[in-house]
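Trainee: The structure is given below, and queries will be raised subsequently.
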Amino acid sequence: MVELNLSADTSVVLQIVAIAAMLLLLLTAACFDLAYRTIPDWVCGALAAVGFASRAAVGLGAVAISAMTAAVVFAVLAFAHARGFLGGGDVKLLSAITLGLSALGTYHLLMGTAFAGGVIGILYLALRCLPPPQLCPPGMSHVRRLWIVERWRWRRKNCLPYGVAIAFSGVWVLLTGMGM
């Protein structure tokens, strides 16, 4: 097996930079999903590229395992998407972050995503009891506008921003070191 010949210091720096970039990309994906209910392709592409590079710093065996795991995750989630259980952006985001994780890290990511998604679902069910939102007056802050739009979505029983749950779980796995 061919291994990259990096010094230990260089490898650690690459891992730190990769984790920081992945955290920023996950935050971006969560913000887009919360505001627009869509996750841009460039976020998922960048996340996949950074994840692939971070696994390459570990070794080609790690790249192969991560790529195989990502392919399996994508196939299963594409089936769920075809049945209407999951959005296409969520499939892309989960598959992209899987490229940067070990097989055990992917397991932790999926379990954390299921848990976080359940919490978001319960929160949305509870928040449907709030009174209907008022119209957005001019000059209102973006956060307040987002709050009003979300309240409107809760009452209309719109889809959940599952990208937030995925991002939360991804951040958890990356910061706890379970993904390496």
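Trainee: When a footprinting reagent is the concern and you count Cβ atoms within 10 Å, what order do Thr106, Thr38, Thr69 take, fewest first?
Mentor: Thr38, Thr69, Thr106
Trainee: Based on the Kirkwood radius over alpha-carbon pairs, what value in µm²/s does the Stokes-Einstein equation return for the translational diffusion coefficient of the range 77-130 at 25 °C and 0.890 mPa s?
Mentor: 197
Trainee: Could you work out how much longer the chain between Leu175 and Asp9 gets when fully extended? Use 0.36 nm per residue separation minus the Cα distance between them, nm to one decimal.
Mentor: 57.8 nm
Trainee: Using a Förster distance of 45 angstrom, determine the FRET efficiency expected from the C-beta separation of Ala126 and Leu104, and round it to 0.05.
Mentor: Here the calculated transfer efficiency is 0.85.
Trainee: Are there any chymotrypsin sites (Phe, Trp or Tyr not before Pro) in the range 46-128 that are in a DSSP loop and have at most 16 other Cβ atoms within 10 Å? List them by number.
Mentor: Qualifying residues, ordered by number: Phe85.
Trainee: Same structure again: No solvent, one uniform scatterer per C-alpha: report log10 I(q)/I(0) for the range 1-82 via the Debye equation at q = 0.10, 0.16 1/Å, two decimals.
Mentor: Result of the Debye calculation: -0.31, -0.74.
No value in this document is a laboratory result; all are computed from the given coordinates. If you're wondering where the values come from, they're calculated on a predicted model, not measured in any experiment. FYI the Cβ positions are ideal-geometry reconstructions off the backbone, even for glycines, and counts take in every protein chain you see.
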